[in-house]
1. What are the ³J(HN,Hα) couplings of the stretch 173-190, residue after residue, when phi is run through the Karplus curve with 6.51, -1.76, 1.60 and θ = phi - 60°? Round to Hz, x for glycine and proline.
2. Hey, can you rank 185-192, 126-133 by average C-beta count inside 10 Å, highest first?
3. Tell me which residues come under 5 Å, amide H to amide H, from ALA81 once H is placed; ignore anything under 5 positions away on its chain.
4. Of all DSSP beta bridges located in the stretch 1-77, what percent are antiparallel, nearest 5?
5. Rounded to whole Hz and in sequence order, give me ³J(HN,Hα) for the stretch 200-205 from the Karplus expression 6.51 cos²θ - 1.76 cosθ + 1.60, θ = phi - 60°, writing x for Gly and Pro.
6. Classify the stretch 138-179 as rounded, prolate or oblate from the Cα gyration tensor: take a ≥ b ≥ c as the square roots of its eigenvalues, call it rounded if a/c is under 1.5, otherwise prolate when a/b beats b/c and oblate if not.
7. Restricting things to alpha carbons, tell me how big the stretch 110-162 is in terms of Rg and Dmax, in Å.
8. Of the listed pairs LYS38/LYS124; LYS38/LYS274; LYS113/LYS244, which have alpha-carbon separations greater than 26 Å here?
Amino acid sequence: MFTNIKTYYPDERDYNLGSLAYERKGDGICVAYYNTPKNLHALTPNQQHETFLVLEYARRDPACKVLIWTATGQRAFSSGAAFGVTQVDLDPEVAAAYRAKDMCPKQNDVALKTMTLAFWDFPKPIIMAINGLAVGGGANIALMNYGDMVLASTKARFMWPFAKLGLSPELGSSLMMAQIIGMPRAKRIMMLGEWLSAEDAHSMGLVNEVVEPDELMPRAMELAKAMTAFTPDTMLRIKDIMNKHLRESMDKVLDDEAVTLGDGIKQLMMAAQKKKKGEAKM
C-alpha cells in the first residue's frame, strides 16, 4: 500500500495522497482505499479531489486491469459529506485548470462533479467492497453504479440522511436509486432516511453479495481475478454499452441536483443566521 502517485492533471507530477492509498496486488488487480478512519472516511472536498487523482492514476496504470474500491478498517466505508469543511486544498494551478475547463464554477462543486464523472468514465471494471457504514454521499458511491459489482460485509449499513438535514439527493442518486430499485422504494429511502442493513440492500438489488467481514477482500480478489481472464476491450465494451444511456443523462442530472441541493443549503444558512440574530437579541 502506498500514497505517493503520479498525477496527470493539469500536468504530470509527484503527489502524496493525504486521504487515500493505493495498492498493486499483482495479476492485474489493484486496490484503492479511503484512508482517513479518524473521520470515518468523510468525503471532504480534498478527498473528492484525491479520488479523482487516484482514478486517473489507475486508468493509466498498466498494472491495473480491475480496481477494487474499499476503505481501511471495518467501521466505515464513508460517512458522507464533511459538513463544515468548505474549502478545497488544491494546488493553485490545478484549481485554475479546472476553472479554465469550466468543469465547475466553484471549487467545492469541482471536486464533487469531477469525482462522480471519473467513476462513471473509468474504463476498467470496479468492484466496490463495502466494509462498514456508508452514509449519504458515501452510500451513493457504494451503491449508485459507481462500481460494476458491489460486495458488502455483514457489518455494512447504508443511510441517506438528506431529508433529516433539509437537503436533497446528490451524486446522481436522484436518477440511479429509482433506476436500480424502483421509484416507490427510492422515494421512501430518500424521504425517511431509514437505515438499510447489508441484507436489506442485497434483497433490493443494490448489492451483489453479502459476506462475513474477513471474507470481503478475499471474495473481491476472487471476482477481480475472474474478470482479468477476459480482455480489457471486452470488459470496456460491456461496461460502455450498459452504462451508455444513463451516462448521457448524468451531466444534466448532476447539474440539476447541484441547483436543488444549493437551494437547500441556502435555506439552512438563512435559518441559522436568523436563529443566531434572535439569540443575540436575547
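Each value in this text was obtained by applying a stated rule to the coordinates, not by laboratory testing. This structure is a prediction, so every number in the text was calculated from the model and none was measured. Note: ideal-geometry Cβ built from the backbone for every residue, glycine included; neighbour counts use all protein chains shown.
1. Residue by residue, the stretch 173-190 yields 6, 5, 8, 6, 4, 5, 4, 7, 10, x, 5, x, 5, 4, 5, 4, 4, 6 Hz.
2. On the way: 185-192: 15.8, 126-133: 24.8.
The most tightly packed comes first, giving 126-133, 185-192.
3. HN-HN under 5 Å from ALA81: LEU43, GLY137, GLY138.
4. On the way: 11 of 17 bridges.
Among the beta bridges of the stretch 1-77, antiparallel pairing accounts for roughly 65 percent.
5. Once θ is set to phi - 60°, the couplings for the stretch 200-205 become 4, 4, 5, 5, 7, x Hz.
6. Working: a/c = 2.86, a/b = 1.35, b/c = 2.11.
Verdict is oblate for the stretch 138-179.
7. My reading of the Cα-based Rg and Dmax gives 11.4, 34 Å.
8. Pairs exceeding the cut-off: LYS38/LYS124; LYS38/LYS274.
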